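The values are calculated or read from the model by the stated rules, or taken from the named source; none is laboratory data. From a predicted model like this one, the values you see are computed outputs, not experimental measurements. Neighbour counts are summed over all protein chains in view; Cβ atoms, including those assigned to glycine, are modelled from backbone coordinates with ideal geometry.
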Amino acid sequence: MSAASLSGSVSGPPSAVNWLRRYRNDRQAAAVRLVCFPHAGGGASFYRRWASLLPDTYEHLVVQYPGHEDRLADDCIAEMHQLADPLAEVLLPLTDRPLILFGHSMGASVAYEVARRLQEQGHPPQHLVASGRMSPTRQRPGRVHLLEDEAFLKEIAQLGGVSDDVLRHPELRDLVLHPIRNDYRLIETYRPMGTPALDCPITTVRGMADLGHTEDEARAWAEVGRGDFRFYSVPGGHFYLAPDSGALIQLLLGRFGSHASADA
């Protein structure tokens, strides 16, 4: 599969055009590919600014989940394996260059499940970054997705995942409520089928004031790796990366350094 024209949205079988978005088209020959996975209720546009903040040696791709943003007409996916299986199929041909997976919140769990599938097929990613999420070994059930609409929106607003504009306008709330609730149901009912260790380096980042998980739960990502692991604690809450993504990117570039360039 070519990565030459990853844009737009089409229906049909799994394809890069369906699943991936690119916000700059001048880096398709870059040495390293960085793929970002959004949080629950989030869309690809959350990472739009990253394309201009990354060096020219990085091609930046973002996953677009069904039922979100320009895929609003597509049915949301209810179970993790239904999300990770086609994403691994899409990303497998892109492992011809070093492939780094970055996921925030729910996206970290999705990225891990994709990474383990790629590894099972003999093509592990170059690096996994898990941001704002507990380790799969500490995964626990949740009931937020079962709350009534008002209580549900209040709960996720505390994490900073819903803008004030959405909360103030009923028509916007109705538009985003279904995909957000679906994503919460997916991640709160997620039960890893084992937690095989990854061969690639793992980095995890947690906002110091994150209410969604503890530092111990973040550090437990070391339990799903066989070697190089690094934990970063940074100022901010669950969405620490939203106001200053540039600082996070610089932190990660220093971490990727030797790993990303070794095979490039």
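Scanning segment 47-65 for residues that are assigned to a helix (DSSP H, G or I) and either touching a residue at least 40 places away in the same chain (Cβ under 8 Å) or touching a helix residue (DSSP H, G or I) at 6+ places or on another chain (Cβ under 9 Å) (or both) turns up Tyr47, Trp50, Leu53.
Kindly establish whether Ala78 is in contact (Cβ under 8 Å) with a residue 40 or more places away in the chain, buried (at least 23 other Cβ atoms within 10 Å of the Cβ) and within 18 Å of the chain's Cα centre (by Cα). No. Residues in segment 178-201: is at least one surrounded by fewer than 18 Cβ atoms within 10 Å (Cβ to Cβ), over 25 Å from His123 (Cα atoms), at pLDDT below 90 and of a type outside the set (Lys, Arg)? Checking segment 178-201: at least one residue is surrounded by fewer than 18 Cβ atoms within 10 Å (Cβ to Cβ), over 25 Å from His123 (Cα atoms), at pLDDT below 90 and of a type outside the set (Lys, Arg). Quickly run through segment 66-109 and pick out the residues that are part of a loop (DSSP other than H, G, I, E, B) and of a type in the set (A, V, I, L, M, F, W, C). If the condition is that a residue be part of a loop (DSSP other than H, G, I, E, B) and of a type in the set (A, V, I, L, M, F, W, C), then Leu72, Ala73, Cys76, Ile77, Ala78 are the ones that fit.
All conditions in (1) modelled with pLDDT under 95; (2) of a type in the set (A, V, I, L, M, F, W, C); (3) surrounded by fewer than 20 Cβ atoms within 10 Å (Cβ to Cβ) hold for Val234, with the sole exception of (1). The residues listed here are Arg138, Arg117; of these, the one that is surrounded by fewer than 21 Cβ atoms within 10 Å (Cβ to Cβ), within 17 Å of Val224 (Cα to Cα), out of contact with any Leu (no Cβ under 9 Å at 6 or more places or on another chain) and not β-branched (Val, Ile, Thr) is Arg138. The set of residues from segment 121-145 being without any contact (Cβ under 8 Å) to a residue 12 or more places away in the chain and not small (Gly, Ala, Ser) comprises just one member, Arg140.
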